[in-house]
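Asks: Have a look at this one before I ask anything.
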Amino acid sequence: MNSITRGVATAGLFLLVSGCAQLPAVGSNSADKPAPADTRLCAKNFAVSGSALSLGGTTYTSSVTVAGVSKATAMTKASKQIAQDGLTITTMDREGGMIAAANKVIAGKGDTVPLVVTFEPAKGGLEVRMTFRNGFGQVTTEEVVRNGFCGIVAAIEKK
């Protein structure tokens with residue numbers, strides 16, 4: 001299991017989510033306070049389309065322009081983070097600026113979920129675009145995917 005696909009599960013028409021809910025501490029009044037906004041740019045640019053119940057599944061995307069890093073360096077750092085997160089890199093096209101990776105789905109009978117990261121020169125740096133897609137009946141949380149994306153960006157930005 002890894003930071004992007006933690007909790008991704010499938011079971012035919014039944015939806016499963018691994019993990020458990022965490023209740024707020026007694027007397028914390030957390031129900032009265034909204035969660036703080038995630039100020040990371042990768043989180044601000046995070047978008048979700050579709051759903052586990054749609055035939056196309058759910059697609060998660062984000063993009064960030066990173067300054068001061070070459071495409072080759074960014075791809076090396078991103079690929080190390082992706083592998084560290086437990087995904088299998090299936091394609092690494094250094095010339096084209098694309099990494100494709102996959103991870104087995106919990107109870108998925110061989111199903112995998114794809115992650116694609118592209119790298120393109122942009123004004124002010126290198127644009128890094130990330131796309132992750134669950135299929136029909138596969139679920140995970142937005143927080144898990146968002147944090148996985150931001151982990152990739154943090155690895156690229158790390159000096």
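The values are calculated or read from the model by the stated rules, or taken from the named source; none is laboratory data. Keep in mind it's a predicted model, so treat the numbers as computed, not measured. As a convention, Cβ positions derive from the backbone with ideal geometry for all residues, glycine included, and neighbour counts pool all protein chains shown.
Asks: Looking only at residues in region 97-121 that are of a type in the set (A, V, I, L, M), over 17 Å from Ala72 (Cα atoms) and modelled with pLDDT of 80 or more, which one is surrounded by the fewest Cβ atoms within 10 Å (Cβ to Cβ)? Talk me through it step by step, then tell me what you get.
Replies: The first filter runs over region 97-121 and keeps only residues of a type in the set (A, V, I, L, M), leaving 98-102, 105-107, 113, 115-117.
With over 17 Å from Ala72 (Cα atoms) added as a condition, the list becomes 101-102, 105-107, 113, 115.
Subset that is modelled with pLDDT of 80 or more: 101-102, 113, 115.
Values: Ala101: 26, Ala102: 17, Val113: 24, Leu115: 27.
Step by step, filter region 97-121, then rank; the result is Ala102.
Asks: Tell me, which residue of region 51-87 that is over 14 Å from the mean Cα position of the chain (by Cα) and in a strand (DSSP E or B) is surrounded by the fewest Cβ atoms within 10 Å (Cβ to Cβ)? Reasoning before the result, please.
Replies: At the first step, the residues of region 51-87 found to be over 14 Å from the mean Cα position of the chain (by Cα) are 51-57, 65-77, 80.
Those still in the list that are in a strand (DSSP E or B) too: 65-66.
Numbers: Thr65: 15, Val66: 20.
The residue in question is Thr65.
Asks: Taking the criterion of being of a type in the set (Asp, Glu), at pLDDT 85 or above and in a strand (DSSP E or B), would at least one residue in region 88-96 satisfy it?
Replies: Yes: region 88-96 contains one or more residues that are of a type in the set (Asp, Glu), at pLDDT 85 or above and in a strand (DSSP E or B).
Asks: I've got another one for you. How about region 127-159: which of its residues are more than 15 Å from Asn45 (Cβ to Cβ) and part of a strand (DSSP E or B)?
Replies: Arg133, Asn134, Val139
Asks: Filter region 91-108 for residues that are free of Cβ contacts under 8 Å to residues at least 24 places away in the same chain and either in contact with a helix residue (DSSP H, G or I) (Cβ under 7 Å, 6 or more places away or on another chain) or not aliphatic (A, V, I, L, M) (or both) and give the result.
Replies: Matches in region 91-108: Thr91, Met92, Asp93, Arg94, Glu95, Gly96, Ala101, Lys104.
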